[in-house]
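Trainee: Got a structure for you, questions after.
The values are calculated or read from the model by the stated rules, or taken from the named source; none is laboratory data. Only a predicted model underlies this, so the values are computations on that prediction, with no experimental measurement involved. Glycine gets a Cβ as well: all are built from the backbone with ideal geometry, and neighbour counts include every protein chain shown. Side chains are part of the model used for accessible areas, which takes the heavy atoms of the whole protein and leaves out ligands, DNA and RNA. Shrake-Rupley method; radii C 1.70, N 1.55, O 1.52, S 1.80 Å.
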Amino acid sequence: MFSDGRLCFGGDYNPEQWPASVWAEDVALMRQARVNLVTVGVFAWSRLEPAPGRYTFDWLDEVLDLLHAGGIRVALATPTASPPPWFSAAHPGALPVTADGVRLHHGSRDTYCAAAPAYRTAALRIAGALADRYAHHPALALWHVHNEYGTICHCEHTARAFRRWLADRHGDLAALNDAWVTSFWSQHYSDWAQISTPRATQYLANPGQLLDFRRFWSDTLLAAYREQRDLLHAANPAIPITTNYVLGDWVPVDHARWAAEVDLVAVDHYPSAVDIGAEEQTALVADLARGWARHGNRHRGTTGPTGRASAWLLMESAPNQIHTAGRMHTKEPGRMIRHSLAHVARGSHGAMFFQWRAPTGGAERFHSALVPHAGPDSRVFREATELGAALQQLTEVGGDVEATVAIAVHAPSGWALRHPGLPSQRLDHQQETAAAHRALWHAGHGCDIVLPGDPLDGYRLLVLPALYLVSDATAQWVREYVEGGGHLLATYLSAVADEHARVRLGGYPGALRDVLGVWVEEFHPLAEHDHVRLHGGGTGRIWAESLRLTGAQVIDAYDGGVLDGRPAITRHRTGAGTAWYVSTRPDDDTYRRLLDEVARSAGVTPVCPGAPAGVEAVRRRGDDASWLFLFNHTDSPQQVPARGTDLLTATPVDQVVQLTPGGVAVLREH
Ligand code: GAL
């Protein structure tokens, strides 16, 4: 973001919620904490355009000028995620409709249908007014379009747009009928007008329709983003443009496909776990963001589509409490800094927060803030100030994250595994991705997230975690990798269906039977608290299979039950490579040991071989320097063999880094 390499630090700033008398104090406190970037105006539409076409920019002029005078740059948002009440009143047909046909009302945020022409027109009008006024404001560093594209609608506007999209994708109705297998249950369509969005229906819905609707909706939201982006770009091509990704398995957006449309991938991350799971999720999300960013963001100075380096930013995170399991959980001292630096270690261009100052009212009145209700004389603000100082010490850090393991993710596979009518309701591509990533994370191996079809040079191991939808092209991509000497680990349900979610015939795992050297005859989905025992001493959950070997050898077998003695984990040497198959979800320990063994046999070494358990190590490598980030996630002091200069304390490290409980070190290595 900053041409001098400074990392971004700040967050959502909502001056419209405060009297002008507070703004000067805000800027003074921001300076004290070394905040250098704030997102302004995300939900300020009704304040900016109190009536259709009537703008009140005076307050925003003053705020931007104050920020500029304070040396603070601005990510100026278009406020289109929250249309004002006048808009909903004037255009009730642009309010969103649920799958049950219920039209939602105004009263929260995101009360619009992204396919409704009236909404799109109003959104472009306010974005255009902002562009006209601020595109050359000296404080402007970044355009932040909308907020977290992700809401769905089933209204008639959507249905019409869906039909147009389907006609584009399938060409004719015969192809659509074939892709959706409409011969089943008499669903053959003889006219485009018969097709609707997958609204609530009597019994199980058509999987092809469900899948195409997700793809269509991701493209529709992307089109809404693009319209605004193009308008902002035309106003001043020098200003980069992004939108913040919301994460979660409910999100109908294929973020990887969006990456080529933003100048900087921006993600919001709120871990759902409060234990070590929060650190595991942080690592995964940061690796995901970096993976998406490699998909060709337009940001100047980055490597582009296939090179490894890429630009991304943690756009939102929580300074303190996170809301999970029905309550707010207070972050332990030091954890905000650790999480922030863990994102930076994995390539984030800084750490941004939701939000700057805690509001007195509104739905998120108790959401944490850098300036909490208690005010600046508070632990959170002191920690924020420490973080601001720490980020300043890390300006020199650059280069790419060291990783020779790749995990393939695929949003449509995730969507398809949530469809009704699958052999188990506990199948989850995201959870399988997280399980594999967690196992590698605990074993100390650096991972990249890749998409099917990505270049795999330099990766020694490729993991396919329940990669359910595998097209012929994807199967060929995997085959060539393994035959060329790569190591592969595929888990159950990979390659079972094609890109339209049609099951491949001839035995599972469909398109990859030859590569894996196994032939799966039957599934044995497990009940929620069931497990299967493995000969090696571990257990498997969620799923089991009866499989036959067609070239692979047994590495571990089921122990007891109907599958007693049948292969559970196999290895197949094929071409110049090796392909492992895992037919159940091993418990975490077993999975960690297995992935560690597979990685090591593929020639992968841990990032910091001497790091004790509970210490995370991430290495960044630039052209002529490398930096080692060390995070102590334990409650006790830890020692790590390493040499270099700790940038956070500016002290040389000769042999061993001493990490305090919960502490972080960032070494420029010799
Ligand atoms: C984000 C959103 C913010 C705020 C935050 C609370 O998803 O973009 O506006 O709602 O969640 O955690």
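Trainee: List every residue pair whose Cβ atoms sit under 8 Å apart, with the two residues 6 or more apart in sequence or on different chains, where the first one lies in region 41-55 and is under 17 Å from TRP23 (Cα atoms) and among the basic types (Lys, Arg) and the second, anywhere, is within 16 Å of the ligand (Cβ to nearest atom) and open to solvent by less than 50 Å² (accessible area, probe 1.4 Å).
Mentor: ARG47/GLU16
Trainee: Residues of region 8-22 being more than 16 Å from the ligand (Cβ to nearest atom) and open to solvent by less than 10 Å² (accessible area, probe 1.4 Å), which ones?
Mentor: CYS8, PHE9
Residues checked against (1) surrounded by fewer than 19 Cβ atoms within 10 Å (Cβ to Cβ); (2) under 29 Å from HIS136 (Cα atoms):
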residue	(1), (2)
ALA167	yes, no
TRP217	no, no
TYR245	no, yes
GLY248	yes, no
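Trainee: Out of the residues in region 384-408 that are small (Gly, Ala, Ser) and within 23 Å of the chain's Cα centre (by Cα), which is surrounded by the most Cβ atoms within 10 Å (Cβ to Cβ)?
Mentor: Looking at the filtered set, the residue picked out is ALA408.
Trainee: Does any residue of region 67-84 turn out to be open to solvent by less than 40 Å² (accessible area, probe 1.4 Å), under 25 Å from TRP356 (Cβ atoms) and in a helix (DSSP H, G or I)?
Mentor: Yes, the conditions are met somewhere in region 67-84.
Trainee: Restricting to region 553-586, give me the number of residues that are free of Cβ contacts under 8 Å to residues at least 60 places away in the same chain and polar (S, T, N, Q).
Mentor: The total comes to 2.
Trainee: Something else: Give region 6-27 a look and list any residue that's part of a helix (DSSP H, G or I) and among the acidic types (Asp, Glu), or say none.
Mentor: Those that are part of a helix (DSSP H, G or I) and among the acidic types (Asp, Glu): GLU16, GLU25, ASP26.
Trainee: Right, next: Can we say ALA351 is within 16 Å of the ligand (Cβ to nearest atom), surrounded by 24 or more Cβ atoms within 10 Å (Cβ to Cβ) and at pLDDT 95 or above?
Mentor: Here the answer is yes, as ALA351 does meet what is asked.
Yes/no per residue for (1) closer than 24 Å to ILE337 by Cβ; (2) touching a Pro at 6+ places or on another chain (Cβ under 6 Å); (3) at pLDDT 95 or above; (4) among the polar types (S, T, N, Q):
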{"residue": "MET1", "(1), (2), (3), (4)": "yes, no, no, no"}
{"residue": "PRO15", "(1), (2), (3), (4)": "no, no, yes, no"}
{"residue": "VAL22", "(1), (2), (3), (4)": "no, no, yes, no"}
{"residue": "SER46", "(1), (2), (3), (4)": "no, yes, yes, yes"}
{"residue": "PRO52", "(1), (2), (3), (4)": "no, no, yes, no"}
{"residue": "TYR55", "(1), (2), (3), (4)": "no, no, yes, no"}
{"residue": "ASP58", "(1), (2), (3), (4)": "no, no, yes, no"}
{"residue": "VAL74", "(1), (2), (3), (4)": "no, no, yes, no"}
{"residue": "SER88", "(1), (2), (3), (4)": "no, no, yes, yes"}
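Trainee: Sticking with this one: Among the residues of region 251-282, which ones are touching a residue at least 60 places away in the same chain (Cβ under 8 Å), away from the ligand (no atom under 14 Å from the Cβ), touching a Leu at 6+ places or on another chain (Cβ under 9 Å) and hydrophobic (A, V, I, L, M, F, W, C)?
Mentor: Residues satisfying the conditions are ALA256, LEU264.
Trainee: May I ask you to list pairs of residues, at least six apart or on different chains, whose Cβ atoms are under 6 Å apart, with the first in region 354-367 being within 18 Å of THR39 (Cβ to Cβ) and of a type in the set (A, V, I, L, M, F, W, C) and the second being part of a loop (DSSP other than H, G, I, E, B) and within 11 Å of the ligand (Cβ to nearest atom)?
Mentor: The qualifying pairs are ALA358/ALA369.
Trainee: Find the residue count for region 618-670, including only residues that are farther than 18 Å from PRO606 by Cβ and aliphatic (A, V, I, L, M).
Mentor: 7
Trainee: Quickly run through region 23-39 and pick out the residues that are of a type in the set (A, V, I, L, M) and either touching a residue at least 60 places away in the same chain (Cβ under 8 Å) or within 16 Å of the ligand (Cβ to nearest atom) (or both).
Mentor: Correct list: LEU29, MET30, ALA33, VAL35, LEU37, VAL38.
Trainee: Listed residues SER368, SER378; which is open to solvent by less than 20 Å² (accessible area, probe 1.4 Å) and away from the ligand (no atom under 16 Å from the Cβ)?
Mentor: SER378
Trainee: Going through ARG169, ARG120 one at a time, which residue ends up being charged (D, E, K, R) and closer than 14 Å to GLU227 by Cα?
Mentor: ARG120
Trainee: OK, next. For region 201-215, enumerate the residues that are open to solvent by 30 Å² or more (accessible area, probe 1.4 Å) and assigned to a helix (DSSP H, G or I).
Mentor: PRO207, LEU210, ARG214, ARG215
Trainee: Test ALA28 against the criterion of being among the aliphatic types (A, V, I, L, M) and touching a Phe, Trp or Tyr at 6+ places or on another chain (Cβ under 8 Å), and give yes or no.
Mentor: Taking the combined requirement at face value, the residue does not satisfy it.
Trainee: Does GLY208 satisfy the criteria of being among the small types (Gly, Ala, Ser) and within 16 Å of the ligand (Cβ to nearest atom)?
Mentor: no
Trainee: May I pose another question? Does SER82 satisfy being over 29 Å from the mean Cα position of the chain (by Cα) and either within 16 Å of the ligand (Cβ to nearest atom) or at pLDDT below 95 (or both)?
Mentor: no
Trainee: Name the residues in region 644-670 that are loosely packed, with under 15 Cβ neighbours inside 10 Å and farther than 24 Å from GLU383 by Cα, would you?
Mentor: PRO652, ASP654, GLN655, VAL656, HIS670
Trainee: Which one of the conditions (1) buried (at least 22 other Cβ atoms within 10 Å of the Cβ); (2) within 19 Å of the chain's Cα centre (by Cα) does VAL470 fail to meet, given that it meets all the rest?
Mentor: (2)
Trainee: Separate question: Quick one: GLY5 ticks every box in (1) farther than 19 Å from ASN147 by Cα; (2) out of contact with any helix residue (DSSP H, G or I) (no Cβ under 6 Å at 6 or more places or on another chain); (3) open to solvent by less than 10 Å² (accessible area, probe 1.4 Å) bar one, so which box is it?
Mentor: Of the numbered conditions (1) farther than 19 Å from ASN147 by Cα; (2) out of contact with any helix residue (DSSP H, G or I) (no Cβ under 6 Å at 6 or more places or on another chain); (3) open to solvent by less than 10 Å² (accessible area, probe 1.4 Å), the odd one out for GLY5 is (3).
Trainee: Let me ask something else about it. Out of (1) away from the ligand (no atom under 15 Å from the Cβ); (2) within 14 Å of CYS8 (Cα to Cα), the odd one out for GLU332 is which?
Mentor: Only one criterion is unmet by GLU332, namely (2).
To keep it simple, each residue is scored yes or no on (1) in contact with a Lys or Arg (Cβ under 6 Å, 6 or more places away or on another chain); (2) free of Cβ contacts under 8 Å to residues at least 40 places away in the same chain; (3) within 16 Å of the ligand (Cβ to nearest atom).
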{"residue": "TRP59", "(1), (2), (3)": "no, no, no"}
{"residue": "ALA69", "(1), (2), (3)": "no, no, no"}
{"residue": "ALA77", "(1), (2), (3)": "no, no, yes"}
{"residue": "HIS105", "(1), (2), (3)": "no, yes, no"}
{"residue": "HIS136", "(1), (2), (3)": "no, no, no"}
{"residue": "LEU140", "(1), (2), (3)": "no, no, no"}
{"residue": "TYR149", "(1), (2), (3)": "no, no, yes"}
{"residue": "HIS157", "(1), (2), (3)": "no, no, no"}
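Trainee: Exactly one of these conditions fails for VAL42: (1) buried (at least 23 other Cβ atoms within 10 Å of the Cβ); (2) more than 16 Å from the ligand (Cβ to nearest atom). Give me its number.
Mentor: So the condition that VAL42 fails would be (2).
Trainee: Would you pick out the residues in region 253-269 that are assigned to a loop (DSSP other than H, G, I, E, B) and either among the β-branched types (Val, Ile, Thr) or modelled with pLDDT of 95 or more (or both)?
Mentor: VAL253, ASP254, VAL262, HIS269
Trainee: Which residue, of ALA613, ALA568, ALA599, ALA579, is hydrophobic (A, V, I, L, M, F, W, C) and surrounded by fewer than 21 Cβ atoms within 10 Å (Cβ to Cβ)?
Mentor: ALA613
Trainee: Considering each residue of region 85-114, count those that are touching a strand residue (DSSP E or B) at 6+ places or on another chain (Cβ under 9 Å), in a loop (DSSP other than H, G, I, E, B) and open to solvent by 30 Å² or more (accessible area, probe 1.4 Å), and give that number.
Mentor: Residues meeting the conditions: 1.
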